[in-house]
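Report on one structure; see the data block that follows.
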């Protein structure tokens, strides 16, 4: 059974480039274009494999990266001393710097909004809220789509490439995995995504679990967090969206 995920939360090609630059700890003004392009294409392969509806925008950026890479491999033309050689990466770097500026401004506004919401604090009525109040110094980072894909890629690293395109069997449907994850979160306050993948008995179960996680994020049923940047990803229930659960998986788009 196939399951196409339509993501309401959207992280685009520039987000992926910034993610790779930060993860590789490289200078945004001096991007190792060959290395970043190779990694970028690997992420696209995973996005295509998962049939996510955002792949088209990533393919356009991939073409741009390949064009820049090819220009940098060509011999540089001779120019007069007073002329400046144009770096093929210049336009992309400017776009990234501008985009990063807007992202940082948006994040600052979001943090201010959250701080404003906390001006009038209601008494905690859940164990999770109490834990957050008891441990005010603990910082959580929201895991991005690309953090999730990185964890998924790691889980699949030993699986032969041809098995990526096998049809998912009925015993590992996304709907059933949604039910299983929500049931686990009734028993445990949080689950490590790696623990969830480690319990998978086959490649198909890993894929079903990953798609179920994406669907639960889209439905705002769970939060995915990291206690440090690029660290281990943990799944928690979204306390703001908990509804009476009668044992059936939430309705999903197929």
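The values are calculated or read from the model by the stated rules, or taken from the named source; none is laboratory data. All of these numbers come straight from a predicted model, not from anything done at the bench. Cβ placement follows ideal geometry from the backbone for every residue including glycine, while neighbour counts extend to all protein chains displayed.
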Determine whether residue 5 is at pLDDT below 90, closer than 26 Å to residue 203 by Cβ, under 19 Å from the mean Cα position of the chain (by Cα) and assigned to a helix (DSSP H, G or I).
no
State which residue pairs qualify: first residue part of a loop (DSSP other than H, G, I, E, B) and inside the range 68-85, second residue modelled with pLDDT of 75 or more and surrounded by 10 or more Cβ atoms within 10 Å (Cβ to Cβ) in any location, beta carbons under 6 Å apart, and separation of 6 or more residues or different chains.
none
Checking residue 235 against (1) outside any helix (DSSP H, G or I); (2) modelled with pLDDT of 85 or more; (3) surrounded by fewer than 21 Cβ atoms within 10 Å (Cβ to Cβ); (4) on the phi < 0 side of the Ramachandran plot: exactly one of these is not met. Which one?
(3)
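Looking only at the range 163-175, which residues are under 19 Å from residue 219 (Cβ atoms) and either modelled with pLDDT of 90 or more or assigned to a loop (DSSP other than H, G, I, E, B) (or both)?
Our first condition is that a residue be under 19 Å from residue 219 (Cβ atoms); within the range 163-175, this holds for 173-175.
Listed by number, the list holds a single entry, 173.
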Counted residues in the range 133-154 being part of a loop (DSSP other than H, G, I, E, B), in contact with a strand residue (DSSP E or B) (Cβ under 7 Å, 6 or more places away or on another chain) and at pLDDT 80 or above come to 1
Hey, does the range 49-58 have a residue that's at pLDDT 90 or above, buried (at least 16 other Cβ atoms within 10 Å of the Cβ) and touching a helix residue (DSSP H, G or I) at 6+ places or on another chain (Cβ under 9 Å)?
no
Exactly one of these conditions fails for residue 130: (1) at pLDDT 80 or above; (2) assigned to a helix (DSSP H, G or I). Give me its number.
(1)
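Outside any helix (DSSP H, G or I), modelled with pLDDT of 70 or more and under 23 Å from the mean Cα position of the chain (by Cα): is that true of residue 157 in this structure? First the steps, then the outcome.
Numbers: outside any helix (DSSP H, G or I): yes; modelled with pLDDT of 70 or more: yes; under 23 Å from the mean Cα position of the chain (by Cα): yes.
In short, yes.
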